[in-house]
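Reading through the structure tokens given below for one structure.
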Amino acid sequence: MISARFLRFIVSGALAALVNFGSRIVFSLWLPYPVAIVLAWLAGLTSGFLLMRRFAFNDATNQARSQVAWFVAVNLFALLQTLVISLVTARLILPSIGIVREAETIAHAVGVLVPVVTSYFGHKHFSFRRVDKPVGGLRK
């Protein structure tokens, strides 16, 4: 059974992914693909933090400063996943199966989707944790 929290995470994340994906297309009009991915990630990061804090993890009791720091750390890992998967898919996988047209857009969509599970658990256990569930078994 899927929890209500996970569904709220998916909706919040989907909206942030749309910001990420859409802004990457706009940024790509003027910037190289890898730079556009990173800037789009920043746009998605900001919208994702606000949405997830408000809707998916609104019962978190750790300090906002801690939430921001962990949110950025979890999303840096997601950015690395997105960047590697997007580049490998656009430059190697799609061309090898004959897909060249819109390869970067297709690859970026795949790259954005992949870190959903790792991000959920990272945010649940680190970014938006309850203080009564300490990190690493140590109580603050």
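The values are calculated or read from the model by the stated rules, or taken from the named source; none is laboratory data. Source: prediction; values computed, not measured. Backbone-built Cβ (ideal geometry, glycine too); neighbour counts: all protein chains shown.
When I106 is evaluated against the numbered criteria (1) touching a residue at least 40 places away in the same chain (Cβ under 8 Å); (2) over 20 Å from S3 (Cβ atoms); (3) out of contact with any His (no Cβ under 8 Å at 6 or more places or on another chain); (4) surrounded by 16 or more Cβ atoms within 10 Å (Cβ to Cβ), which criterion, by number, is the only one it fails?
Against the list (1) touching a residue at least 40 places away in the same chain (Cβ under 8 Å); (2) over 20 Å from S3 (Cβ atoms); (3) out of contact with any His (no Cβ under 8 Å at 6 or more places or on another chain); (4) surrounded by 16 or more Cβ atoms within 10 Å (Cβ to Cβ), I106 comes up short only on (1).
I need every pair where a residue in the range 36-61 that is within 14 Å of N75 (Cβ to Cβ) and hydroxyl-bearing (S, T, Y) has its Cβ under 6 Å from the Cβ of a residue that is surrounded by 18 or more Cβ atoms within 10 Å (Cβ to Cβ) and at pLDDT below 90, sequence separation at least 6 or different chains.
none
With respect to S28, determine if the residue is without any contact (Cβ under 8 Å) to a residue 12 or more places away in the chain, over 26 Å from I2 (Cα atoms) and among the small types (G, A, S). It would help to see each step written out before you state the result.
Working: without any contact (Cβ under 8 Å) to a residue 12 or more places away in the chain: no; over 26 Å from I2 (Cα atoms): yes; among the small types (G, A, S): yes.
No.
Taking the condition of being surrounded by fewer than 19 Cβ atoms within 10 Å (Cβ to Cβ) and touching a Pro at 6+ places or on another chain (Cβ under 9 Å), how many residues in the range 21-78 meet it?
Residues that pass the stated criteria total 1.
Assess whether K124 counts as being at pLDDT below 95, out of contact with any Ser or Thr (no Cβ under 8 Å at 6 or more places or on another chain) and part of a loop (DSSP other than H, G, I, E, B).
On the way: at pLDDT below 95: yes; out of contact with any Ser or Thr (no Cβ under 8 Å at 6 or more places or on another chain): yes; part of a loop (DSSP other than H, G, I, E, B): no.
No.
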